[in-house]
Every structure is written in C-alpha cells, then in structure tokens.
C-alpha cells in the first residue's frame with residue numbers, strides 16, 4: 001500500500017585488503033605519522049580510533065589531546081572535543097563526556113555529521129544521568145540535522161519515557177526502527193514499554209500493527225546481514 005511505512009538498514013561493503021594483526025596495524029598507523037604526504041590530522045584520528053577499539057582509551061586520549069593543542073580551527077577543535085567525549089563514554093565517565101560535548105558545542109562546527117553527534121551524544125549522556133528534560137532539545141536538534149539517522153530517535157524515546165510521555169516514546173522507538181532495522185535496541189525498548197504501559201494503545205490505535213512491522217523488519221534485516 002502507498003502509506004506503508006518504510007524501513008531502512010545499512011549494507012556494509014565486504015572489507016578489502018589484507019588481514020593484519022593488531023600489532024601490525026599499530027605499526028602501520030604509527031608509520032603514517034611520519035609520512036610527509038599524509039594528512040596529519042586524519043592519521044592521528046585513525047590512530048586514536050584504533051587505540052579506542054583496543055581498550056586503550058588513555059593512549060587514544062593522549063593523541064587527541066596532542067591534536068587539540070596544535071590547532072585553532074573550530075571545526076577540528078569540535079571534532080577533537082567530540083572524540084574526547086566519546087572516549088569518556090567508553091569508560092563510563094558520562095559527566096566528563098558532557099563537559100567535552102559542551103565544549104564541542106561552543107565551536108559551532110559546519111559539518112552536519114559532527115553537529116549531529118554532538119547533539120545526540122550530549123542528549124544520550126544527559127539521559128544516563130536522568131536529566132531527561134534537558135536531553136530532549138538536543139535530541140530533537142540532532143533529528144532536525146539528520147532525520148535519517150537512527151541514534152537520536154532511540155535516545156529521544158528514552159528521554160520522553162523518562163518524562164512520562166509514553167506515547168511520544170513509543171512513536172520515537174518506531175521511528176528509530178524505521179531508520180535502521182538492523183539495530184534492534186529500539187524495538188526491545190518498544191516491547192518493554194508496551195508491556196508496562198498497555199494504555200498506549202488508547203492513543204496509538206494501530207500500535208500492535210506497528211510493533212508487528214517493526215519485529216518483521218528487524219528479523220529480515222538480521223537475516224540479510
């Protein structure tokens with residue numbers, strides 16, 4: 001039918017190139033820092049990302065701080081503060097993450113992707129601390145920047161649920177699943193919400209049908225991947 005909701009999920013390309021050990025990957029990334037033709041900023045960000053995936057956040061933090069001290073470009077500064085906030089999230093220091101995200105916010109970056117994640121991640125961390133009302137405007141701003149991304153819809157659902165707006169939360173979780181059916185977290189949150197608040201069906205008359213569509217989309221996305 002023409003009014004049937006659409007569901008999306010990303011299709012990752014098969015990795016290209018040779019498989020190398022973590023030690024070899026580290027050696028190559030460090031070597032890139034010495035190459036004159038290499039973009040130094042990108043090399044540092046790649047190295048910081050590598051260390052963060054290896055659970056070596058303190059080393060990653062040092063590289064980002066190094067770049068932070070070497071630039072006055074607001075765009076690069078925003079990206080550095082965003083990365084530092086993400087590293088703090090990885091070690092569950094959400095208050096420190098909030099500080100870095102607020103510093104990133106002050107840089108007013110041009111990149112829509114950077115702006116999106118500054119708003120989304122700040123909203124997420126405020127949710128973790130129970131500041132659901134404070135989180136909402138940042139999450140709505142992220143959605144306005146990029147309405148096709150999954151993250152902010154899911155986090156908006158958490159914010160609205162925390163404020164007692166269960167109907168709004170249900171709608172946000174459905175939108176999150178439509179944005180990326182391969183991520184089943186919003187569906188699980190929706191299922192729990194509907195189990196604990198069956199009265200939502202009084203306001204969203206077709207919520208059971210929407211739930212069934214979400215379940216089917218997540219199942220198909222999982223099978224496809």
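The values are calculated or read from the model by the stated rules, or taken from the named source; none is laboratory data. Every value quoted in this text rests on a predicted model; they were computed, and no experiment measured them. Glycine also receives a Cβ, built like all others from the backbone with ideal geometry; neighbour counts cover every protein chain displayed.
Please go through segment 162-182 and give me each residue that is over 21 Å from residue 209 (Cβ atoms) and buried (at least 18 other Cβ atoms within 10 Å of the Cβ), ordered by number. Residue satisfying the conditions is 182 alone.
Note on segment 184-209: residues that are out of contact with any helix residue (DSSP H, G or I) (no Cβ under 8 Å at 6 or more places or on another chain) and not in a helix (DSSP H, G or I) total 2. When 135, 152 are checked against the criterion of being part of a helix (DSSP H, G or I), under 14 Å from residue 177 (Cβ atoms) and modelled with pLDDT of 95 or more, 152 stands alone in meeting it. The single condition among (1) buried (at least 17 other Cβ atoms within 10 Å of the Cβ); (2) at pLDDT below 95 that residue 54 does not meet is (1).
The requirement of being surrounded by fewer than 22 Cβ atoms within 10 Å (Cβ to Cβ) and free of Cβ contacts under 8 Å to residues at least 60 places away in the same chain is fulfilled nowhere in segment 119-126; no residue meets it.
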